[in-house]
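A.B. asks: Pasting a structure below so you can have a look.
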Amino acid sequence: MPSQIKVDEIKNVAGQYKIKTNVFEGQTTAGSITVQGEGSNTTNLQQGLIKVWARMDCNTSSSVTLNDSFNVSTVSDTAVGRSIINFSNNMSNTTYALLGAGDATIGVEYNYVCCESSSTDHVDVAHMYGHSSLIDTTDNGHGIVGDLA
């Protein structure tokens with residue numbers, strides 16, 4: 001049986017309320033840690049994290065520049081207004097949510113980002129203005145919320 005330490009409060013020697021660790025794991029379920037949210041609500045730490053994000057420029061139909069990212073192996077520009085974000089670590093299913101926004105300074109009032117198709121290892125993204133016209137834009141931000149494999 002593993003040893004247990006039961007305390008009401010932990011303070012480091014300098015009196016600060018800070019815990020340093022390299023691994024943080026739930027006691028009963030390793031991948032599930034509940035934290036205090038706003039007010040009296042609680043939230044699940046793992047479920048509330050963005051699993052993939054990318055900041056990129058798609059300014060021509062043949063190139064894309066990845067400016068910064070997390071859990072992204074590569075990005076590619078497949079056509080005007082279309083790009084693929086490849087994940088470093090796969091998602092567990094294809095029902096994740098894509099969050100995104102494109103540059104509003106392109107002189108177009110309505111700029112939409114949508115998921116054209118999803119896979120566990122990548123997502124195909126489309127950037128549109130109006131209701132159906134594809135356009136290459138700069139300063140695109142994308143995030144994926146869901147479960148990692």
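The values are calculated or read from the model by the stated rules, or taken from the named source; none is laboratory data. In this text, all values refer to a predicted model and were calculated from it rather than measured experimentally. Because the Cβ atoms are built from the backbone with ideal geometry, glycine has one as well, and the counts that use them run over all protein chains shown.
A.B. asks: Right, Leu49: of a type outside the set (Asp, Glu) and assigned to a strand (DSSP E or B) or not?
C.D. replies: Criteria not met by Leu49.
A.B. asks: Still on this structure: I'd like to verify a number: residues in the range 1-35 that are on the phi > 0 side of the Ramachandran plot and among the acidic types (Asp, Glu), how many?
C.D. replies: 0
A.B. asks: Here is a further query. For the range 49-64, name all the residues that are of a type in the set (S, T, N, Q) and surrounded by 13 or more Cβ atoms within 10 Å (Cβ to Cβ).
C.D. replies: If the condition is that a residue be of a type in the set (S, T, N, Q) and surrounded by 13 or more Cβ atoms within 10 Å (Cβ to Cβ), then Asn59, Ser61 are the ones that fit.
A.B. asks: Further question on the same structure: Of all the residues that make up the range 1-34, how many are of a type outside the set (S, T, N, Q), surrounded by 10 or more Cβ atoms within 10 Å (Cβ to Cβ) and either over 23 Å from Lys51 (Cα atoms) or modelled with pLDDT of 80 or more (or both)?
C.D. replies: 2
A.B. asks: On to the next question. Given the condition modelled with pLDDT of 90 or more and either surrounded by 12 or more Cβ atoms within 10 Å (Cβ to Cβ) or at negative phi (or both), answer yes or no: does some residue in the range 36-48 qualify?
C.D. replies: no
A.B. asks: From the set of residues in the range 110-144 that are in contact with a Phe, Trp or Tyr (Cβ under 9 Å, 6 or more places away or on another chain) and among the aliphatic types (A, V, I, L, M), which is farthest from Val80 (Cα to Cα)?
C.D. replies: By that ranking, first place goes to Ile144.
A.B. asks: Continuing with the same structure: Restricting to the range 72-87, give me the number of residues that are without any contact (Cβ under 8 Å) to a residue 24 or more places away in the chain and either buried (at least 16 other Cβ atoms within 10 Å of the Cβ) or of a type outside the set (Val, Ile, Thr) (or both).
C.D. replies: Of the residues in the range 72-87, 4 are without any contact (Cβ under 8 Å) to a residue 24 or more places away in the chain and either buried (at least 16 other Cβ atoms within 10 Å of the Cβ) or of a type outside the set (Val, Ile, Thr) (or both).
A.B. asks: Only residues that are within 18 Å of Asp57 (Cα to Cα), at pLDDT 80 or above and assigned to a loop (DSSP other than H, G, I, E, B): list them for the range 105-136, please.
C.D. replies: Answer for the range 105-136, where residues must be within 18 Å of Asp57 (Cα to Cα), at pLDDT 80 or above and assigned to a loop (DSSP other than H, G, I, E, B): Ile135, Asp136.
A.B. asks: Mind checking which residues of the range 52-70 are assigned to a strand (DSSP E or B) and more than 21 Å from the chain's Cα centre (by Cα)?
C.D. replies: Asn59, Thr60, Ser63
A.B. asks: Given the residues Thr94, Thr65, Thr74, which is the only one that is among the polar types (S, T, N, Q) and at pLDDT below 90?
C.D. replies: So the residue among Thr94, Thr65, Thr74 that is among the polar types (S, T, N, Q) and at pLDDT below 90 is Thr65.
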